[in-house]
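Inspection log for the structure reproduced underneath, given as structure tokens.
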Amino acid sequence: MSSGAGRAPLTTRGRAGWVLAAVTGAVYIYLYAPLLTLFLASLTPAPAADFEAGYVGAWYVKALSNTALLTAIQTSARVALATTVIALTLGTLAALALGKHRFRGQTWLEGLFYLPIVVPEAVVGFASVALLAQAGLPLGFWSTLLAHVAFCASYVTFIVRARLVGFDERLFEAALDLGATPTAAFWRVTLPWLTPALVGSALLCFALSLDDYVITSFVAGDGVTTFPVWLYSKMKTGVSPEINVATSLLLILSAALAALSQIVQRLQRLPRWGRLSVSVACMGLTIAAISPSPQGAGEPTLHLYIWSNYTSEKLLRDFETRYRCRVVVETYDSNETLLAKLQTGVARYDLIAPSDYLVGILAREGLLRPLDRSRLTNWQNLDPAFLNPPCDPENRYVVPYTFVVTGLGYRRDKASEPVESWDALWDARYRGRIVMLDDIRECFGAALRRRGASLNSRDEREIAQAAEDLLLQKPLVKAYDSARFEQLLLNGEVWLAQGFNGQIAKAARQNPNIAFVVPKEGGTRAVDYLAIPANAAQPALAERFMDYILEPQASAEIVQVTGYGTPNRAARAFLPPDWAGNEYVFPPESLLRRCAAIEDVGAILPRYDYYWTIIKSK
Amino acid sequence: MPPAVETLALVKRFGSHIALADASFQVEAGEFLTLLGPSGCGKTTLLRLIAGLDRPDAGRIRLAGQDVTDQPAYRRPVHTVFQSYALFPHLNAYDNIAFGLTRQRRSPAVIRQRVEAMLALVGLEGERWRYPHELSGGQQQRVALARALACEPPVLLLDEPLAALDPRLRQRMQRELKSLQHQLGTTFIFVTHDQTEALTLSDRIAVLHNGRIVQTGPPQKLHAEPETAFVASFIGNCNLLKGEARSRQSEMATVVIAGRLAPALWRQDGAAAGQPVVIAVRPEGVQLESASGDNASGLTGRIVERLYVGADTRWTVRLPDGQTLVAALRHEPSRAWEIGALVQVSWQPAAAVIVTPDEVGDETESAADAEREELLGQGRQLE
């Protein structure tokens, strides 16, 4: 009887333990499944079209030879390392001061210390830019570092302070009693006690700094593009498997850091030379992190602010050599980011690449500098069809750079019949195999055009009809996604994609079963321009760059990198036949005529917004 | 040779609270002095002042004749064994013991030799690589002791070092501590609230009460001749009886208790006949006899409680004026009284001492109460 009574709780505990283990396991799987997927994806053999042989690790080779990616990672690492060391020092000092002294209003003061943790990042970012503008500090590495240290130090103080509360003051006294000066007692006793908190907050700082996008996007500048900023800016040209590689590498780095922290925690038991060498190594790394990377001294620098993958490394190097200058590229992910940056007035860029609708806004706000056309000797290479656009009727500010057509990409091998109309997007046979652009005007555009209405309709009834159609269509749509539609087409998850011609053209080169069509009702057409901000420091160099891009060979190179068509007529002759004759990149005139540009619809825009919200939330 | 430690009229206040008032005492080199008193009496404060961890508000401290009042803790040649041991959690036993030597920048060979010697002294050679949390309470205690002794300080301060140990281990450590002190010849200043521990270990005891040193002397003397009611009740059990002085001849006095005469020792000067006094009598010194008509001139009382304690019986007797006292007697058939029986109470003249009453009467009423409070107060770190 007694043995039965003794066993009963054990069994219960065993069962409870089993359930607990299962739940814990499930949580781990939930936490790590996305990361594992990413890692496995990074190992996927590259498609044969891109490489001589598809082999595991091919994407690693490609990623590691992507200069922009490597530079971004390097920048991130430098910022994160410097941030960690500085924030750790400042935060720890603050924690010690707060822990040592008792004074009136201490609770309030401590609360203020932790406030940056809960304030929305966008607010901090905007406030930081405002402050930097007031102080006249240029945006760049140092401004990024300052902003990162500001929010990381709060975390350090928080963590170190918590650890300090558990510190037995008697240990410090014991050290004094045994002949240690207060300084020695701090280093030998207090600091080792804090070590777990220091290592923990250092890792947190590094990770926070490495991950931060919002604040960084506000305060970065002067060619400082961190990894997250680079990643977001890739949205314009699509996410490539290289990103899987980059994120996987960062993952491995984080794991390595965690392991390192374990080692460091044991280091305190090493003799003095061990600690000394670690300190020296840390200081060395910090100095390496914050010391500027080697650059050509005295050469003029062109600051180019552009979508990522929207220019060619090769061209930039060639331009640098030819004109004995340096080109610093910084990337953004949306026209809105570009506008925000220019409006602060702190950012100083020499050349930007706004889309057509933004050009009008920038020009109206006086943020653009009129061009000196006499310096653009290659102007006559431009197709007259692209001159004097509505956004800049007299061609005072901009040079057309690329043009984009929105149409339908589809899988020839999966679709039941050749696709030629927007109607296909409402075809129930493709239920769950359709991806739409995550863009209000593009979605409405497709619906409006399908019914024969204008892309820029201001008719309430037409708009309501389009909204109804989009609601009806929703059950068929797998996703609204502007960044990955060509990936989804490539891996066969969707058969039909509303998308931009450039990405689909590049996808079609990998898989011939992918086709692009401008629907017979007509698609949308957009042009991206090059322009010079009013506050540019090197306007002459910027114009020289524009003129360089207008050279046929340069424009041809841009086409092959971006997959987008060029308004440079002369460039066609310098493209390989498979590019020059590519109807996806250069849709025939007959098709282009069916396309229209997205224009401002004025007061009716809130109607669109209203319906769009309903559609997205239903 | 100047005293190893000498304090002159030390005063320490914490806000309006006076932790230590006018504390003066001397400790000879090689002496084992105990600071004894209940929690809050100022003994730990006094120890911290000597160590240099706190600064006095007034008074001077001399170590071997040198004034160290203005020197910080790390310059003073005294080391402390803390109540909670305060072992460095990130260092193993070996490095804890080596800490002071490393601070003194001794050569590695000397450090190794000293630490090994200390490990051998406290019998922890096998535990040198263990961290504090991997050691038992007794082992931690030894490491703390070895750490404080490693630098061979002329004076060692011990702040209730045995309080956290269980009774049996505490007794063993008491013996070890005593023999260690004898062996090394180091001056020990030992703080405790445990009077038994103080009596066992000390060459001399200084009893503290309410921030004052009330009596200093060898254990036997404090036990036999307490000068104040507090000392009498704090050291061993003691009956404190109120009476009135009747007459005095040199050190012998006659007092009136409950209307009857009784003898007592009177050591202090200045007191006069006719004034109220407090008489301290140990239970072992009290004699009881069955009362009969012919000796009714002496002090009598009625038995109100009987308690068997091992070989002794403790009888509580109520005197006619309402005061009670306890007598500890060996078992004997002739001493088997019923509750309520009338007994004659007497003592040898040397067994009773007239003591100074304390300002705070309540505290002195029962030594057992004080002891209980002490046990409760052990957890408190600061006095």
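The values are calculated or read from the model by the stated rules, or taken from the named source; none is laboratory data. Remember, it's a predicted structure, so these values are computed and weren't measured experimentally. Methodologically, a virtual Cβ is constructed for each residue, glycine included, from the backbone with ideal geometry; neighbour enumeration extends over all protein chains shown.
One line per residue, one yes/no per condition, for (1) β-branched (V, I, T); (2) farther than 22 Å from A:Y305 by Cβ:
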| site | (1), (2) |
| --- | --- |
| A:T107 | yes, yes |
| A:F113 | no, yes |
| A:P116 | no, yes |
| A:P120 | no, yes |
| A:V123 | yes, yes |
| A:G136 | no, no |
| A:L139 | no, no |
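Got at least one residue in region B:248-265 being among the hydroxyl-bearing types (S, T, Y) and either closer than 28 Å to B:V309 by Cα or outside the structural domain of B:S39 (by TED's automatic domain parsing) (or both)?
Going residue by residue through region B:248-265, those that are among the hydroxyl-bearing types (S, T, Y) are B:250, B:254.
Going one step further and asking which of them are either closer than 28 Å to B:V309 by Cα or outside the structural domain of B:S39 (by TED's automatic domain parsing) (or both), we end up with B:250, B:254.
Scanning region B:248-265 turns up at least one residue that is among the hydroxyl-bearing types (S, T, Y) and either closer than 28 Å to B:V309 by Cα or outside the structural domain of B:S39 (by TED's automatic domain parsing) (or both).
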Of everything in region B:200-214, what is over 17 Å from B:G40 (Cα atoms) and either at pLDDT 90 or above or crowded, with 18+ Cβ neighbours inside 10 Å (or both)? Give them in sequence order. B:L201, B:S202, B:D203, B:R204, B:I205
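Restricting attention to region B:143-183, which residues are more than 28 Å from B:Q113 (Cβ to Cβ) and either aliphatic (A, V, I, L, M) or surrounded by 16 or more Cβ atoms within 10 Å (Cβ to Cβ) (or both)? Even if it seems obvious, please write down each step before you answer.
So in region B:143-183, the residues more than 28 Å from B:Q113 (Cβ to Cβ) come out as B:159-160, B:162-171, B:174.
Within region B:143-183, B:D159, B:E160, B:L162, B:A163, B:A164, B:L165, B:L169, B:R170, B:Q174 qualify.
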Conditions (1) surrounded by fewer than 19 Cβ atoms within 10 Å (Cβ to Cβ); (2) of a type outside the set (S, T, N, Q); (3) in contact (Cβ under 8 Å) with a residue 12 or more places away in the chain; (4) more than 13 Å from chain A (Cβ to nearest Cβ); number of the one not met by B:H17: (3)
Selection within region A:133-146 - in contact (Cβ under 8 Å) with a residue 40 or more places away in the chain and either under 19 Å from the mean Cα position of the chain (by Cα) or assigned to a helix (DSSP H, G or I) (or both): A:A133, A:L139, A:G140, A:F141, A:S143, A:T144, A:L145, A:L146
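What about A:E486, is it surrounded by 24 or more Cβ atoms within 10 Å (Cβ to Cβ), part of a helix (DSSP H, G or I) and outside the structural domain of A:I243 (by TED's automatic domain parsing)? Working first, answer last.
Values: surrounded by 24 or more Cβ atoms within 10 Å (Cβ to Cβ): yes; part of a helix (DSSP H, G or I): yes; outside the structural domain of A:I243 (by TED's automatic domain parsing): yes.
Yes: the conditions hold for A:E486.
Of these, B:Q113, B:Q104, which one is of a type outside the set (A, V, I, L, M) and under 30 Å from B:L8 (Cβ atoms)?
B:Q104
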Pull out all pairs, ordered by first then second residue, where Cβ-Cβ is under 8 Å, the residues are six or more apart or on different chains, the first lies in region A:421-435 and is touching a residue at least 12 places away in the same chain (Cβ under 8 Å), and the second is small (G, A, S) and assigned to a loop (DSSP other than H, G, I, E, B). A:A424/A:A415; A:R429/A:S416; A:Y430/A:A415
Which is surrounded by 24 or more Cβ atoms within 10 Å (Cβ to Cβ) and in the same structural domain as B:L177 (by TED's automatic domain parsing), of B:L53, B:L35? B:L35
Considering residues of region A:382-428 that are among the polar types (S, T, N, Q) and modelled with pLDDT under 90 only, the residue farthest from A:Q498 (Cα to Cα): A:N395
Residues of region A:151-171 that turn out to be closer than 16 Å to A:H101 by Cα and within 9 Å of another protein chain (Cβ to nearest Cβ), as a count: 1
Of all the helices (runs of 4 or more DSSP H) wholly in region A:304-415, which have at least 3 residues that are surrounded by 15 or more Cβ atoms within 10 Å (Cβ to Cβ), touching a helix residue (DSSP H, G or I) at 6+ places or on another chain (Cβ under 9 Å) and of a type outside the set (A, V, I, L, M)? A:313-323, A:335-344
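I need a count of the residues in region A:597-612 that are touching a Ser or Thr at 6+ places or on another chain (Cβ under 6 Å) and of a type in the set (K, R). Step through it out loud before you land on a result.
Step one: list which residues in region A:597-612 are touching a Ser or Thr at 6+ places or on another chain (Cβ under 6 Å), which gives A:598.
Then keep just the ones that are of a type in the set (K, R); that gives none.
So the count comes out to 0.
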Residue list for region B:184-196, filter: in a helix (DSSP H, G or I) and either of a type in the set (V, I, T) or surrounded by fewer than 21 Cβ atoms within 10 Å (Cβ to Cβ) (or both): B:L184, B:T196
Could you look through region B:222-259, keep only residues that are touching a Ser or Thr at 6+ places or on another chain (Cβ under 7 Å) and without any contact (Cβ under 8 Å) to a residue 60 or more places away in the chain, and pick out the one that is surrounded by the fewest Cβ atoms within 10 Å (Cβ to Cβ)? B:S247
Taking the criterion of being under 23 Å from B:T192 (Cα atoms), among the charged types (D, E, K, R) and under 14 Å from the mean Cα position of the chain (by Cα), would at least one residue in region B:223-234 satisfy it? no
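Go through A:G57, A:G105 for me and flag whichever is within 18 Å of A:L253 (Cβ to Cβ) and modelled with pLDDT under 80.
Details: A:G105 fails: within 18 Å of A:L253 (Cβ to Cβ).
Only one candidate passes the filter, namely A:G57.
Here's the yes/no breakdown for (1) under 30 Å from A:V329 (Cβ atoms); (2) assigned to a helix (DSSP H, G or I); (3) in contact with a Leu (Cβ under 6 Å, 6 or more places away or on another chain); (4) in the same structural domain as A:T195 (by TED's automatic domain parsing):
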{"position": "A:L90", "(1), (2), (3), (4)": "no, yes, no, yes"}
{"position": "A:G99", "(1), (2), (3), (4)": "no, yes, yes, yes"}
{"position": "A:G111", "(1), (2), (3), (4)": "no, yes, no, yes"}
{"position": "A:F126", "(1), (2), (3), (4)": "yes, yes, no, yes"}
{"position": "A:L131", "(1), (2), (3), (4)": "yes, yes, no, yes"}
{"position": "A:C152", "(1), (2), (3), (4)": "yes, yes, yes, yes"}
{"position": "A:Y155", "(1), (2), (3), (4)": "no, yes, yes, yes"}
{"position": "A:I159", "(1), (2), (3), (4)": "no, yes, no, yes"}
Restricting to strands (runs of 3 or more DSSP E) lying wholly in region B:29-118: which have 2 or more residues that are within 12 Å of chain A (Cβ to nearest Cβ)? B:78-81
Checked pairs for region B:68-94, first closer than 19 Å to B:R130 by Cβ, second at pLDDT 90 or above and among the hydroxyl-bearing types (S, T, Y), C-beta under 9 Å and 6 or more apart or across chains, list as B:A86/B:T80; B:L87/B:Y131; B:P89/B:Y131; B:H90/B:Y131; B:L91/B:Y131; B:N92/B:Y131; B:A93/B:Y131
